[in-house]
Amino acid sequence: MTVAEFENYALNITLTIFMLWMVAIIWKLGKDSGGGRWAYIALFLALGLGFLGFIAKLVLVEFVLDID
């Protein structure tokens with residue numbers, strides 16, 4: 001395994017863990033706000049769009065554009 005391969009795996013693994021941690025934070029914010037179902041929807045839509053962008057970039061680079 002080269003250094004570049006290790007860095008690629010480490011980046012993807014740590015960012016995934018960070019994203020899951022952020023989902024837990026968003027969940028807690030929704031729970032503590034007491035706004036009900038719409039509070040969860042608004043928080044996950046507003047704060048979760050960054051996750052969607054990261055996943056879309058990963059799919060584009062790895063599978064569609066086939067950039068190494």
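Summary of values
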quantity: Single residue of 12, 8 found to be of a type outside the set (Lys, Arg) and touching a residue at least 40 places away in the same chain (Cβ under 8 Å); calculated: 12
quantity: The range 29-68, subset among the β-branched types (Val, Ile, Thr) and surrounded by 10 or more Cβ atoms within 10 Å (Cβ to Cβ), residue farthest from residue 5 (Cα to Cα); calculated: 41
quantity: Residue satisfying all of: in the range 22-68; in contact (Cβ under 8 Å) with a residue 12 or more places away in the chain and small (Gly, Ala, Ser); farthest from residue 8 (Cα to Cα) among these; calculated: 30
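Only the coordinates and a few stated rules stand behind these numbers; no lab work does. Predicted, not measured: the structure shown is a model, and the values here were computed from it. Counting neighbours? That spans all protein chains shown, and the Cβs are built from the backbone with ideal geometry, glycine included.
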